[in-house]
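J.: Could you have a look at this structure, given as structure tokens, before my questions?
We did not get these values from a lab; they are worked out from the coordinates using the rules stated. Just so you know, these numbers come straight off a predicted model, no measurement behind them. When we count neighbours, we look across all protein chains shown, and the Cβ atoms used for this are built from the backbone with ideal geometry, even at glycine.
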Amino acid sequence: MDRQAAVIEGAPGLAVELVSLSDRYGDVRSKALEWLEGGAQMVWVVQPLSRRV
């Protein structure tokens with residue numbers, strides 16, 4: 001079966017940013033703001049260790 005990659009144009013309705021131990025708060029915040037400025041309607045920032053979104 002030949003599969004072709006689908007191309008989706010535009011911003012996502014929901015972007016999810018998964019925070020790792022090496023991520024700094026300012027960097028995560030900047031990424032979330034970039035998603036919103038790019039047209040995403042909502043950004044979830046997931047912090048696995050503290051089990052928070």
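For (1) assigned to a strand (DSSP E or B); (2) small (Gly, Ala, Ser), each residue gets a yes or a no:
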position: Ile8; (1), (2): no, no
position: Glu17; (1), (2): yes, no
position: Asp27; (1), (2): no, no
position: Lys31; (1), (2): no, no
position: Leu36; (1), (2): no, no
position: Gly39; (1), (2): no, yes
position: Leu49; (1), (2): no, no
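J.: Report, by residue number, each residue of region 3-53 that is surrounded by fewer than 10 Cβ atoms within 10 Å (Cβ to Cβ) and in contact with a strand residue (DSSP E or B) (Cβ under 6 Å, 6 or more places away or on another chain).
T.: Val53
J.: Would you please list the contacts, defined by Cβ atoms under 6 Å and residues six or more apart or on different chains, that run from a residue in region 9-24 that is touching a residue at least 12 places away in the same chain (Cβ under 8 Å) to a residue that is among the small types (Gly, Ala, Ser)?
T.: Cβ pairs passing all conditions: Ala11/Gly38; Ala11/Gly39; Ala11/Ala40; Pro12/Ala40; Ala15/Ala40; Glu17/Ala32.
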